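Got a structure for you, questions after.
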Amino acid sequence: MNLLAGGTGFLGNNILKELGSIKIKNIVLTRKDVPNLPDNANELIIDFDNLLELEIPNINHVYLSLGYPLLYHNVMGFMSDSLKKDFYLVDFTYQLQIAKKAKEAGATSISLISAAGANSNSKNYYLKIKGMLEEEIIKMGFESTNIFQSGHLRGNKFRMDIVFADFISIIFDPFLYGILKKFRSISAQKVAWRVVNNSLNPKDGINYFRYSDFIKANL
């Protein structure tokens, strides 16, 4: 059985759809009802502010895809102090607590949705917190720790800032070579496919997945 945190977000919902195509039971942690819930998934509606009291059944794998809703310029590093506080709570504290609960419930492998350029020493607050979480998850010692560092996720047509970012990506992606190639934009569907298909046969140790891994998605 799998546990998914973040099934209502843009990428998380794509992961949930991919999970719906495999014959494995899934639990989705959520604050509210999940629309179009796959037949092989059950909701577990919770209060994220009381995660320490969360009880979940025995699971094998946990997907961490929670994310505080940010605008494109926030991701680029422009955040107010209050926004930084909210972002840290959701993207770091909540996710770390869920990972600990999942390990207590028997999970031996984990898939963490991070970001290209994640680094705990980054001056960009978004990338700094992503890097800090990666380090803490690694310390937990899952048999298989899988970290997915995607660039900008294309395709969310319901947000104008993302549509704008998609346009910018079309212009600049071809110029990102070498170490910068990992920052190229990618379809959320391709990332979700890689996340789920990798988890079916997880490799032991700490495994990173970047742009070159996502473009191999069988879509």
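So which helices (runs of 4 or more DSSP H) are wholly in segment 108-219 and hold at least 3 residues that are at pLDDT below 90 and surrounded by fewer than 19 Cβ atoms within 10 Å (Cβ to Cβ)?
Ranges flagged: 160-172.
Tell me the residue from GLY77, GLY117, GLY12 that is within 14 Å of the chain's Cα centre (by Cα), of a type outside the set (A, V, I, L, M) and closer than 30 Å to SER169 by Cβ, please.
GLY12
Within segment 17-35, can one find any residue that is of a type in the set (S, T, N, Q), closer than 19 Å to ALA102 by Cβ, touching a His at 6+ places or on another chain (Cβ under 9 Å) and crowded, with 17+ Cβ neighbours inside 10 Å?
no
Additional query: So which of ALA5, ALA107 ends up being of a type outside the set (D, E, K, R) and touching a His at 6+ places or on another chain (Cβ under 9 Å)?
Only one candidate qualifies: ALA107.
Filter segment 4-20 down to residues that are out of contact with any helix residue (DSSP H, G or I) (no Cβ under 8 Å at 6 or more places or on another chain) and part of a loop (DSSP other than H, G, I, E, B) and give me whichever is farthest from SER150 (Cα to Cα).
So the residue we want is GLY20.
The values are calculated or read from the model by the stated rules, or taken from the named source; none is laboratory data. On a predicted model such as this, the values are computed, not experimentally measured, just so you know. Ideal geometry is used to build each Cβ from the backbone, glycine not excepted, and the neighbour counts take in all protein chains shown.
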